[in-house]
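Below is one structure; the comments refer to it alone.
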Amino acid sequence: MTLKVSPFNLSIIRTKYELNFYTYQLSDRYYELAGAQISAGFPAYAENFKTDPISIDKVLVSKPESTFIIRVTGDSMTDAGIFPNSYIVVDTSLKPKDKHIVVARYGDDFLVKRLHVFADFAVLKAENENGNFPDIVLNADTDFEIWGVVVGEFKRF
């Protein structure tokens, strides 16, 4: 099966689908990065030293000309670490592959799901074991397009 990948045209997307896109600015702002890693499990000794600063947007966006950021609603992807009101970073220049998380248009709806590719069909799967989200089976007759591959996610606590 050949996946339908749409060329990125923000003006058509805005007009036709009334999505809320957010303008972002790549900046030259850098933040201090602690040189040690921090444990999210058991306490671990952390050395107190700094390393070279990083730019958060440059970590998340490698190709600004083909990248957009969109806010997520719904909880179908929480087991993948994508939560309601978080923002996903989507690169439209990447070719979607099996197991990628993608932004797709399915009929008149846009959604973010994990892509599973098989010989004659593909499936968009939710990742929330507590929810009742059906798989979306895609074949040559399905009205769908892949808009891009999710390359990052961020949120504010």
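Residues in the range 134-154 that are assigned to a loop (DSSP other than H, G, I, E, B) and either within 15 Å of PRO84 (Cα to Cα) or of a type in the set (Asp, Glu) (or both): 3 in all. Scoring LYS58 on the criteria (1) outside any helix (DSSP H, G or I); (2) over 14 Å from the mean Cα position of the chain (by Cα); (3) not small (Gly, Ala, Ser) leaves a single failure, condition (1). Candidates in the range 107-133 are the residues that are at pLDDT below 90 and assigned to a strand (DSSP E or B); of these, the one that is nearest to the chain's Cα centre (by Cα) is PHE110.
Among the residues making up the range 124-156, a single one is farther than 16 Å from VAL102 by Cα and among the aliphatic types (A, V, I, L, M): ALA140.
The number of residues in the range 71-100 being in contact (Cβ under 8 Å) with a residue 40 or more places away in the chain, part of a loop (DSSP other than H, G, I, E, B) and in contact with a Leu (Cβ under 7 Å, 6 or more places away or on another chain) comes to 2. Residue count for the range 101-157 satisfying the condition of being without any contact (Cβ under 8 Å) to a residue 12 or more places away in the chain and either under 30 Å from VAL59 (Cα atoms) or surrounded by 18 or more Cβ atoms within 10 Å (Cβ to Cβ) (or both): 3.
The values are calculated or read from the model by the stated rules, or taken from the named source; none is laboratory data. The structure displayed is predicted, hence computed values, not measured ones. Note that we place each Cβ from the backbone using ideal geometry, even for glycine, and neighbour counts take in every protein chain shown.
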